[in-house]
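The block underneath contains the structure these notes are about, expressed in structure tokens.
The values are calculated or read from the model by the stated rules, or taken from the named source; none is laboratory data. Predicted model, so just to flag it, every value in this text is computed and none were measured. Counting neighbours? That spans all protein chains shown, and the Cβs are built from the backbone with ideal geometry, glycine included.
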Amino acid sequence: MHKGTLSFHHSGLPIETLQAKIVAGPDAGLELCADSDVITVGTAAGNDLRLSDETVSRYHVDLVRQGAHVLVCDHGSTNGTLVNQVRIERAAVPPETVLTLGRTQLKVAEGKRGAVEVCQAQTLAGLHGQSAVMRRMMALVERLAKTDTSVLVQGESGTGKELVARAIHDLSGRRGQPFVTVDCGTLSPTLIASHLFGHERGAFTGAERQHQGAFERANGGTVYLDEIGELPAEMQANLLGVLERKRFSRLGGSGEIRVNVRLVCATNRDLRADVNDGSFRLDLFYRVAVATLLVPPLRERVEDIPLLAEHFMHELGYAGRAENLVSPATMDLLCRHRWPGNVRELRNVLEATLALGEPPAFDGAVAEEEEPEAVVHLQPVLGLPYKEARSRLLDKFERHYLRDLLQNAGGNVSEAARKAEMDRTYLSSLIRKHGLR
């Protein structure tokens, strides 16, 4: 442990693990009894279950144990993931289901009961959570902070990926050294190169003085690249070269500059899918995703909302007044909201609520009893004829899609039709069919 690094006690969280067995195909007989609740499958190095079948994609599918089901998440694979000849992208299936991946057939099964490390503290270097999923991630943050490994932080917009990156830095031996952020999603290719590696005076039109880039300014510390998936192909190659050689030249310069930095990247994209379709380099993915962290969306950590509300109220100058300013009814409303904007949205809603002295208005976006994510549960239809099963799944998809479409269009049917590229009359008939109006 680095001198002065904060130490937290950890405990074990019981989990249900997974098994996966290849029952047909080039790798028939291959089996994995995982010690965790996730199995990654594909042909690329680094997958938990690595296959030799050339009809399987590099990062084909993730299997995640969720209670009595297994969540199957396809990464935009070329030949798809099929259940009973139905191609799926994200679906919950029961154990003993056989998946088809190219020429390979894979059976998922329940594993043994295991345990994972969780942080007992509710606060860790700016991170706040009492939910099991958050304390599990916080324990991993502390463990990774003790290494110099490159980390890829994944999660939806607003989940707090930069806070996670900052926590890794602040708990590491590089704390006290620079933490430099570059948002790859907001810069042109020329500006990205300048922001990352700097430029000499006269390197391009408008370059009136020498500029030090992020890697040079972060020497000894950490470079945080937000939205790494937005890097254009040329810059991906340049970044790979810098990571391999640990030196670079400024734009317009000839001399090489050596640097010692840790790299933490973040994305809200499925980078494995981008690797599969060729838009993100496999060799760069290996470099930036030596370790990966998934930041859970707020809807999966609802029990953290009161704790987060208290934290944000302290930030906003209302410390110690949570019970007086946020009524139980308002807190209940906050806990039932779906939070598409995640923690960032929660902070904004709280700020508006406190400023106006009125309960938040969510325009009907409170969580319903239905599954909030685009997850299809296949167990109820697996025993049905193909046409009937397909019809039921399409009905459920239509309802989820239309509900979210209307929400994003503010309830305006014409705007919803434009967004969906649908005929307004037809869209109206679908809305009536599903009782959404």
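Among the candidates Leu152, Leu196, Leu144, Leu191, which residue alone is in a strand (DSSP E or B), in the same structural domain as Ile257 (by TED's automatic domain parsing) and under 22 Å from Asn268 (Cα atoms)? Please lay out each step first, then the result.
On the way: Leu196 fails: in a strand (DSSP E or B); Leu144 fails: in a strand (DSSP E or B); Leu191 fails: in a strand (DSSP E or B).
When all the criteria are applied, what remains is Leu152.
In the list Glu244, Glu208, which residue meets the criterion of being over 23 Å from Val164 (Cα atoms), in the same structural domain as Arg287 (by TED's automatic domain parsing) and free of Cβ contacts under 8 Å to residues at least 12 places away in the same chain?
On the way: Glu244 fails: free of Cβ contacts under 8 Å to residues at least 12 places away in the same chain.
From the options Glu244, Glu208, the qualifying one is Glu208.
Number of residues in the stretch 80-107 that are at positive phi and at pLDDT 90 or above: the value is 3.
Quick one: would you say Ala145 is buried (at least 18 other Cβ atoms within 10 Å of the Cβ), of a type outside the set (S, T, N, Q), closer than 16 Å to Ala289 by Cα and more than 19 Å from the chain's Cα centre (by Cα)? Spelling it out, Ala145 is indeed buried (at least 18 other Cβ atoms within 10 Å of the Cβ), of a type outside the set (S, T, N, Q), closer than 16 Å to Ala289 by Cα and more than 19 Å from the chain's Cα centre (by Cα).
With the requirement that a residue be free of Cβ contacts under 8 Å to residues at least 24 places away in the same chain and under 16 Å from the mean Cα position of the chain (by Cα), what does the stretch 64-88 give you?
Restricting attention to the stretch 64-88, the residues satisfying the condition of being free of Cβ contacts under 8 Å to residues at least 24 places away in the same chain are 73-74, 80-82, 87.
Answer for the stretch 64-88, where residues must be free of Cβ contacts under 8 Å to residues at least 24 places away in the same chain and under 16 Å from the mean Cα position of the chain (by Cα): Cys73, Asp74.
For the stretch 19-39, the set of residues classified as at pLDDT 95 or above and part of a loop (DSSP other than H, G, I, E, B) consists of Gly25, Pro26, Asp27, Ala28, Gly29, Leu30, listed by residue number.
Scan (1) under 22 Å from the mean Cα position of the chain (by Cα); (2) surrounded by fewer than 20 Cβ atoms within 10 Å (Cβ to Cβ) for the single condition Val61 breaks and write down its number. In the conditions (1) under 22 Å from the mean Cα position of the chain (by Cα); (2) surrounded by fewer than 20 Cβ atoms within 10 Å (Cβ to Cβ), Val61 misses (2) alone. Are any residues in the stretch 40-59 touching a Lys or Arg at 6+ places or on another chain (Cβ under 6 Å) and assigned to a loop (DSSP other than H, G, I, E, B), and if so, which ones? Listed by number, the residues that qualify are Thr43, Ala44, Asp53, Thr55, Tyr59.
Criterion applied to Arg209, Arg201, Arg175, Arg250 was being in contact with a strand residue (DSSP E or B) (Cβ under 7 Å, 6 or more places away or on another chain) and over 21 Å from Thr267 (Cβ atoms), and the one residue passing it is Arg250.
In the stretch 167-180 there is at least one residue matching the filter, namely being among the small types (Gly, Ala, Ser) and touching a residue at least 60 places away in the same chain (Cβ under 8 Å). Among the residues of the stretch 225-248, those identified as surrounded by fewer than 18 Cβ atoms within 10 Å (Cβ to Cβ) and not in a helix (DSSP H, G or I) are Pro232, Lys246, Arg247.
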